[in-house]
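Participant: One structure follows; several queries about it will come next.
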Amino acid sequence: MQNRNLNRLSVETSNRSRHFWRLNRNGRSRKSTHATSRQKHGAGNGVASRQNKQESFEQAPMYVAVCTYMGFGIVTLFGYFRDFLRAVGLEKCNLAQEREEQKDFVPLYQDFENFYTRNLYMRVRDNWNRPICSLPGPVFDLMERVSDDYNWTFRFTGRTIPNVINMGSYNYLGFAENNADFLKTVADKVQQYGAGVCSTRQEIGNLSIHEELEQLVANFLGVESAMTFGMGFATNSMNIPALVGKGCLILSDELNHTSLILGARLSGATIRVFKHNNMHSLEKMLKEAICCGQPRTHRAWRKILIMVEGIYSMEGSVVRLPEVIALKKKYKAHLYLDEAHSIGAVGATGRGVTELFNVNPADVDVMMGTFTKSFGASGGYIAGKKELVDYLRCHSHSAVYASAMSPPVTEQIIRAIKCIMGKDGTTEGKGRIRQLAENTRYFRARLKEMGFIIYGNDDSPVVPVLLYMPGKVVAFAREMLQRKIGVVVVGFPATPITEARARFCVSAAHTRAMLNQVLHHLNEVGDLLCLKFSRRKRPSSCSLSEETDVGLDS
Amino acid sequence: MNFKNFREYLSWLYFQYLLITGIYVLEPWEKSIFNSVLFSAIAMVVYTSYVFIPIHMRLALEFFHEIFGGQPESTMTL
């Protein structure tokens, strides 16, 4: 992992100068940013790859952005008004405040984040943290809660809302189930190993079931060796510092997950951000890194690590893996691929984006993933060459300090992987993968037909539906719950301020009838709230009537 | 969407107004404050236009009439 590549500068000079000028001309002419829709096409290595790279990020009409800013502005004004009332004493403050003796110290609660929480999030927080009282399968039960003082406090009425269709859980292959036959092995392992491990991997928490799981994960991914950790977030944030350090360069995608960003910051390496899925931006940064080296000393970088994700969960877009690998090989960088959402969910046999693009898994230096999404368990893994994994076993913070994965969870992952690979003797795994792909295609096609703006690749089971305005986001969540559909809506801190969205996660456990019900209610709510902003030509379908938007833009 | 009567259509339009301006998330008394401020602003605009627009239109028309239509009259008197 620590190759110095001292000859890099001299070898690359002649190639670099030729390519650099060619790129500059093409780069400038290829800059096309239209106001209405942008479609990103791939390099076209073949029909399959061209299909996979159809991703569209349609922009909404201008009035939508104006109304979004206006809405946020008005609520911010009212926020200042309410803060004034609280400061004067006309209103009771329900949140934390500084003590009287500390009023002259540096203020703790006046930054924008606290302002936003107090004045915007608190008003509408009944749409988040809803308590669930059944397993998060395709349908679940919610506890009914009401608030008497505008969401400052909640109380439970004692009733449950049964059979709410679950469009928010990351249950891509439907392994969040409580079928007694399927869970028999898990129950046996609890009897054999107990529920807790009471130690870290390095000390005395390395169980034989962990070794079995790691062997299975390595076989599943087609790599030499793998290591598993108890928590997915900690897999990223605790292992990146073990791989890179000061003097290394991290090139990270714009929309990377917080765990990757945290791991990168903790490592102490220099971080540069390239535009989302934009190979020109990445190549320019690679060239600059190799030409100029480290900031002041101009020495060569010890390591260059490109960090990308398989499926980006807020956009539903898929990384352009063949192009990234070509760039990595050309510039001798290393690649860290986070397949949290894509492992098990894409690919013909569920092997993730490497299978989707027909790429050799040995080309990716560090393959990381989590077991939370498609396997119905918790935890993460890092896989790759044997030397890498052996190094991590000694040097990773997670291995040394974090408690090992619990035995029933480990057995759940083992049974899920065996099911997907077909090793349990049934075709259940293949059936689920096929069902997920069908559900995804159907759901996305119908949503596009209806006229919603959807981001992302057609193969990804994560479907963000753009809502934009803060009032509509809240109304959408409430209306869908009234119609017994549970959705996850995401707003400002996690997404850009003008692009609030509802994120649907399609599952293999959803039947066609459930999806049709969801789509029917989505259609109604879309008309009620005027959410159908898409201005693309829709393919006419015999089942849907050709009605124009009941909106303001006609 | 089918509206049974005009009142339902008006309440849907009011709902759209609440959503677009972002008032939907506020408490009822804050909604009333915003609505009354907006209504009084619009009322003042309407009243001002009622008072001043006819006068301004008349003056503007006279001004242009003097430039273009006034010339034949002056030559006739000569």
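Participant: Mind checking region A:277-342 for trypsin sites (Lys or Arg not before Pro) that DSSP puts in a loop (not H, G, I, E or B) and that have at most 16 other Cβ atoms within 10 Å?
Facilitator: A:Arg296, A:Arg299, A:Lys332
Participant: Take the alpha carbon gyration tensor of chain B, find the square roots of its eigenvalues, order them as a ≥ b ≥ c, and report rounded if a/c is under 1.5; if not, report prolate when a/b exceeds b/c, else oblate.
Facilitator: Prolate, since a/c reaches 1.5 and a/b exceeds b/c.
Participant: Among the lysines, which have Cα under 27 Å from the Cα of A:Lys423 when same-chain residues fewer than 8 positions away are ignored?
Facilitator: Of all the lysines, those that pass the test against A:Lys423 - Cα under 27 Å, at least 8 places apart if same chain - are A:Lys184, A:Lys189, A:Lys373, A:Lys385, A:Lys386.
Participant: Grab the Cα-Cα distance for A:Gln202 and A:Arg99, subtract it from 0.36 nm times how many residues apart they are, and report the gain in nm with one decimal.
Facilitator: 32.6 nm
Participant: Pull up the cross-link candidates among the aspartates and glutamates for A:Lys330, meaning alpha carbon to alpha carbon under 12 Å and not fewer than 8 places away within one chain.
Facilitator: A:Glu12, A:Glu283
Participant: Further, regarding this structure: For a test of the definition: using alpha carbon positions, the gyration tensor, and the 1.5 limit on a/c, classify chain A as rounded, prolate or oblate.
Facilitator: rounded
Participant: Still on this structure: Between their Cα atoms, which of A:Lys275/A:Lys303; A:Lys328/A:Lys537; A:Lys332/A:Lys418; A:Lys328/A:Lys430; A:Lys284/A:Lys532 are more than 30 Å away from each other?
Facilitator: Too far apart for the 30 Å limit: A:Lys328/A:Lys537; A:Lys332/A:Lys418; A:Lys328/A:Lys430; A:Lys284/A:Lys532.
Participant: Just to verify a number: FRET efficiency for A:Lys423 and B:Phe15, C-beta to C-beta distance, R0 = 41 Å, to 0.05?
Facilitator: 0.15
Participant: Now for a different question. Checking a compactness column here: for region A:177-240, what do you get for Rg(Cα) / (2.2 N^0.38 Å), N being the number of residues?
Facilitator: 1.30
Participant: I've got another one for you. Give me Rg over Rh for region A:394-476, both radii from the alpha carbons and Rh done the Kirkwood way, two decimal places.
Facilitator: Result: Rg/Rh = 1.18.
Participant: Please list, in order, the residues from region A:354-368 whose amide nitrogen is less than 18 Å from a point placed 7 Å along the Cα→Cβ vector of A:Lys329.
Facilitator: It comes to A:354-367, nothing else.
Participant: If you don't mind, there's one more thing I want to ask. Hey, what number do you get for chain A at 222 nm if only DSSP H runs of n ≥ 4 count, each worth -39500 (n - 2.57), divided across all residues, to the nearest 500?
Facilitator: -12500 deg cm²/dmol, from helical runs alone.
Participant: Same structure again: Of A:Ser208, A:Met514, A:Ser374, which is farthest on the positive side of the dipole of the protein assembly as shown, counting Cα position, with +1 on Lys and Arg Cβ, -1 on Asp and Glu Cβ, and the Cα centre as origin?
Facilitator: Towards the positive end, the residue furthest out is A:Ser208.
Participant: Continuing with this model, one more query. Using DSSP to define loop residues, name the trypsin sites (Lys or Arg not before Pro) in region A:89-181 whose beta-carbon has at most 13 other beta-carbon atoms within 10 Å.
Facilitator: Answer in residue order: A:Lys92, A:Arg99, A:Lys103.
Participant: Classify region A:180-421 from the C-alpha gyration tensor, please: rounded if a/c falls under 1.5, else prolate or oblate depending on whether a/b exceeds b/c.
Facilitator: Taking the square roots of the gyration eigenvalues as a ≥ b ≥ c, region A:180-421 is prolate.
Participant: Step through the residues of region A:494-507 one at a time and calculate ³J(HN,Hα) from phi using the Karplus curve (6.51 cos²θ - 1.76 cosθ + 1.60, θ = phi - 60°), rounding each to whole Hz and writing x for Gly and Pro.
Facilitator: For region A:494-507, the Karplus-derived couplings read 8, 10, x, 5, 8, 10, 6, 8, 10, 10, 9, 10, 6, 10 Hz, x marking Gly and Pro.
Participant: Quick one: check the C-alpha center-to-center distance for region A:475-490 versus region A:302-346, whole angstrom.
Facilitator: Cα centroid to Cα centroid, the span is 33 Å.
Participant: So, one more: Determine the percent antiparallel among the DSSP beta bridges restricted to region A:180-421, to the nearest 5.
Facilitator: Of the beta bridges lying entirely in region A:180-421, close to 40 percent run antiparallel.
Participant: Treating cross-link reach as a plain straight distance, find the aspartates and glutamates whose alpha-carbon is under 16 Å from the alpha-carbon of A:Lys448, omitting any fewer than eight places away in the same chain.
Facilitator: Filter leaves A:Glu55, A:Glu58, A:Glu315, A:Glu438, A:Asp458, A:Asp459, A:Glu524, A:Asp527, A:Glu546, A:Glu547, A:Asp549.
Participant: While we're looking at this one, here's another question. Once the Cβ-Cβ distance between A:Cys292 and A:Arg441 is put in as r, and R0 is 51 Å, what FRET efficiency do you end up with, to the nearest 0.05?
Facilitator: 0.65
Participant: For B:11-24, what's the mean count of beta carbons from other chains sitting within 10 Å of each residue's beta carbon?
Facilitator: Other-chain Cβ atoms within 10 Å of each residue's Cβ, averaged: 6.
Participant: What ranking do A:489-496, A:71-78, A:231-238 get when scored by the average of other Cβ atoms within 10 Å per residue, highest first?
Facilitator: Sorting A:489-496, A:71-78, A:231-238 by mean packing, highest first, produces A:231-238, A:71-78, A:489-496.
Participant: Ignore the peptide's own chain and count Cβ atoms of other chains within 10 Å of each Cβ in A:518-530; give me the average, rounded.
Facilitator: Across A:518-530, the average partner-chain Cβ count within 10 Å equals 1.
Participant: At R0 = 41 Å, how high is the FRET efficiency between A:Lys275 and A:Ser403 if r is their beta carbon distance? Nearest 0.05 is fine.
Facilitator: 0.60
Participant: Along the charge dipole of the protein assembly as shown, which of A:Ile304, A:Leu135, A:His257 sits closest to the positive end, that is, farthest toward it, with unit charges on the beta carbon of Lys, Arg, Asp and Glu (+1, +1, -1, -1)?
Facilitator: The residue sitting farthest along the positive end of the dipole is A:Ile304.
Values quoted throughout were computed directly from the atomic coordinates according to the rules given, and no laboratory measurement underlies them. Remember, predicted model here, so these are calculated numbers, not experimental data. Positions of Cβ are generated from backbone atoms using ideal geometry, with glycine treated the same way; all protein chains shown enter the neighbour counts.
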